[in-house]
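The numbers here are math on the coordinates, done by the rules we state, and not lab data. Computed from a predicted structure; not experimentally measured. So basically every Cβ, Gly included, is an ideal-geometry build from the backbone, and we count neighbours across all protein chains shown.
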Amino acid sequence: MPSAVILLADGTEEMEFTITYDTLVRAGVTCCAAYVPDPEDAGAAQRTYVTGSRGMRIVYDAPLDAQNFSPTEYDALIVPGGAKGADTMSKNAGVQELVQKFLAEGKIVGMTCAGSLTALTAKIPRQPLTSHSSVKSHLDNEFEYSEDPIVVSKKLVARTAFPFALTLVRVPMVFPPHTPF
């Protein structure tokens, strides 16, 4: 059964996390929510949940540990957006290392909206990419930036929640190539 690690931090956009998680589970993908703490939040290590960008509390499965979430154990790594959450994840050395490892192993790395900032900080080679318009200016000189709703480049999938989740499911895992979404 395919499996995915979906990152989660305080400030993650709830829809980008929950829609992706739900869609993947419905497609038969085992998902694990990995918490990326904000290093400036002293109480973060004691909580068992994150607070999303709209105030929703989401319980995570495990704290991020690059050793526990290796590409030998999982088929995909997902980086959702949400300004604060995307900022925390993109600046985290463990997240950057995982992105590099997953891509080096030919595994899927998905980034939604502002989560695409991690492509920059993980120093992914220049390739097609898209993001939320709020972070476009950080990415458009370093990547072949596209305004398309979904961009699939090698094993990197980027963009918005519903089309993103359905593309993740269709491209590598479950649905046949001509599925109409």
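Observations, loosely collected:
- Highest-first packing order for the peptide set 102-109, 24-31, 79-86 is 79-86, 102-109, 24-31, based on the mean count of other beta carbon atoms within 10 Å.
- Magnitude of the charge dipole for the stretch 1-92, about its Cα centre and with charges confined to Cβ atoms of Lys, Arg (+1) and Asp, Glu (-1), is about 160 debye.
- Look at the Cα gyration tensor of the chain: its axes a ≥ b ≥ c give a/c under 1.5, and that counts as rounded.
- Length gained on full extension, A27 to K123, computed as 0.36 nm times the residue gap minus the Cα-Cα distance: 31.5 nm.
- Relative contact order (percent, whole number), the chain, Cα cutoff 8 Å, 6+ residue spacing: 21
- Relative contact order %, the stretch 23-88, counting alpha carbon pairs below 8 Å whose residues are six or more apart: 31
- Gain on full stretching of the segment that runs from A42 to E147 - 0.36 nm per residue minus C-alpha separation: 34.0 nm
- Here the stretch 43-82 yields Rg over Rh of 1.01, to two decimals, using C-alpha coordinates and the Kirkwood radius.
- Among 128-137, 89-98, the peptide with the highest mean count of other Cβ atoms within 10 Å heads the list, and the full ranking is 89-98, 128-137.
- Bridging of K107 to lysines at a Cα separation below 19 Å is possible for K123, K154, K155, once same-chain residues fewer than 8 apart are set aside.
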